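The values are calculated or read from the model by the stated rules, or taken from the named source; none is laboratory data. Keep in mind the model is a prediction, meaning the values are calculated, not measured. Here the Cβ positions follow ideal geometry from the backbone for every residue, glycine too, while neighbour counts run over all protein chains shown. Please note that ligands, DNA and RNA were not included when accessible areas were found on the heavy atoms of the full protein model with its side chains. Shrake-Rupley method; radii C 1.70, N 1.55, O 1.52, S 1.80 Å.
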Amino acid sequence: MHADTLRATFDTSHNTKILFAYHKVRFFNDSLQGICDSLVFVTKDSILSMFKNPVLWSGKNQLSADTVRLYTKNKQVSKMMMFNTAFIISRDTLENFNQVKGKLMTAFFKDNKITRINVDGSAESLYYVRQDDHLLIGVNKAVSSNLIIYMDDQQKVNKITWVTKPTNVLYPEKELPKEEKRLRDFKWIETGRPLKKADVFN
């Protein structure tokens, strides 16, 4: 991890209690990378909180929200909560993106990889549905109060379950209006992702 400013508080045994990182924060892990303006890590609870435009990457997925909170156990991420304007984006083709958004997202991890994501409150999704041979079937756009995303071992979306009164429309790609290809508040970050350890210093 790297930032413009790092500050820590210690207990009476000189162990770190809280770590603060300010401005241009970047961190790298083989399974998870992230950037934000400021970060706080509380060692007692093993909770890492990211503030001001936090963005994380897991595999081919970009995750963002107003605030992100990571829960760690045995030096691995066990759960991540994304608050307000939570967004998951992955590229389908050069110009098209699979997207899911909601008020609150809770991602569950195993071996530092996301296995499931619960989306609670104003859940929306736009997903390019393909056959096993990658032939495009259509573009599914859905709205529901809540939904659940299941990820495969490659960190790709395996299944989406709409939980509460969903509204689904499957569009042929050519019939999807151009203005409907992006969910509101869509933002794809082209640069800034640390792809290796040395990138946290850039």
Expressed in angstrom and ordered largest first, the alpha-carbon extents of segment 92-155 along the principal axes are 31, 29, 19
Computed over segment 39-191, protein heavy atoms only, probe 1.4 angstrom, the accessible area per residue in square angstrom equals 57
Computed about the Cα centre, the charge dipole of segment 49-202 from +1 Lys/Arg and -1 Asp/Glu charges at the Cβ has a magnitude in debye, to the nearest 20, of 600
Taking only Cα atoms of segment 1-130, the Rg to Rh ratio with Kirkwood Rh works out at 1.01
Along segment 58-70, Karplus-curve 3J(HN,Hα) (6.51, -1.76, 1.60; θ = phi - 60°) to the nearest Hz, with x for Gly and Pro, reads 9, x, 9, 9, 9, 10, 8, 5, 5, 9, 10, 10, 9
Between Asn84 and Tyr22, the two model label points (7 Å from Cα along the beta-carbon direction) sit apart by a distance in nm of 2.1
Expressed as a percent, the accessible surface of segment 17-140 that is carbon or sulfur, using a 1.4 Å probe and the full set of protein chains, is 50
Label model pair Asp4, Asp111: point-to-point distance (7 angstrom along the Cα→beta-carbon line) in nm is 4.0
Sorted by chain and then number, the residues having a modelled amide H within less than 5 Å of the amide H of Gln155, at least 5 places away or on another chain, are none
Sorted by chain and then number, the residues having a modelled amide H within less than 5 Å of the amide H of Leu176, at least 5 places away or on another chain, are none
The answer for Gly138, listing residues at least 5 apart or on another chain whose modeled amide H is closer than 5 Å to its amide H, is Val129
Excluding near-sequence neighbours (fewer than 8 apart on one chain), segment 71-134 holds lysine pairs with C-alpha atoms under 13 Å apart numbering 4
The Rg/Rh figure for segment 1-41, Cα atoms and Kirkwood Rh, to two decimals is 1.06
Under the Karplus relation with 6.51, -1.76 and 1.60 and θ = phi - 60°, whole-Hz ³J(HN,Hα) for segment 174-188, x at Gly and Pro, equal 6, 9, 6, x, 4, 6, 8, 7, 10, 5, 4, 6, 4, 8, 9
Subtracting the Cα-Cα distance of His14 and Asn29 from 0.36 nm times their residue separation yields 2.8 nm
If each part is reduced to its alpha-carbon centroid, segment 1-36 and segment 43-122 end up apart, in Å, by 18
Any chymotrypsin sites (Phe, Trp or Tyr not before Pro) in segment 40-95 that lie in a DSSP loop and have at most 12 other Cβ atoms within 10 Å would be none
Pseudo-spin-label distance Tyr71 to Asp132, built 7 Å along Cα→Cβ, given in nm, is 3.7
Going residue by residue through segment 76-88, the Karplus relation 6.51 cos²θ - 1.76 cosθ + 1.60 with θ = phi - 60° gives ³J(HN,Hα) values, rounded to whole Hz and with x marking Gly or Pro, of 10, 6, 9, 7, 9, 10, 10, 10, 6, 6, 6, 9, 10
Given 9-21, 122-134, the highest-first ranking by average Cβ count within 10 Å works out to 122-134, 9-21
